[in-house]
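Each remark here refers to the structure printed beneath this line.
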Amino acid sequence: MGKKFRNIVIGIVLIVLAVICGLASFYLLEVKPELQRREETQLTQPEVPQPISPSERTESISLQTVLKESQAIYPPQEKNKSEGLLWVDKKSDKLIVTLGAINGLSEGSVLSIYDGPQRIGEAKVKTVLDTISYVEPQEQLKTLLQGDYYQVKIE
């Protein structure tokens, strides 16, 4: 009985040592490199500037300034686009198009909306930015817009 008991104790000790070695290996191979990577990432991340409150602003941003600067940034194929997508944001009930001031749009511009090859209506530009615009559908078109995306054209 003494020899069997000793063998059982040795077996349990070996199992415990195997578990400890497995945990140490996992830590050294998986956990430690991940911790080092996170530490390096935190050290190399630039500090994100905090937004300036409206009372602290010293200059205003005009669409003409943004448009002038964007002319140097965007390639000719982006500036020469006359077709884009209309996105129906059902959550905020807004319509956004992928055409903007660099494409020649301004407030009040009218865009044709297509569902496939079929023209389904028009939308009027409400707010224009450099490469996107917010639009309002004309007539009862908003009730027809059941999908999420439609094609738009400057005509």
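Details
- Highest-first arrangement of 13-26, 85-98, where packing means the average Cβ count within 10 Å: 85-98, 13-26
- Residue exposure proxy: I154, I113, ordered by other Cβ atoms within 10 angstrom of their Cβ from fewest to most, comes out as I154, I113.
- Under 24 Å of direct C-alpha separation, and excluding same-chain neighbours fewer than eight residues apart, K124 reaches these lysines: K68, K79, K81, K90, K91, K94, K142, K153.
No value in this document is a laboratory result; all are computed from the given coordinates. None of the values given here were measured: they were computed from a predicted structure. For neighbour counting, all protein chains shown are included, and Cβ atoms are generated from backbone atoms with ideal geometry for every residue, glycine included.
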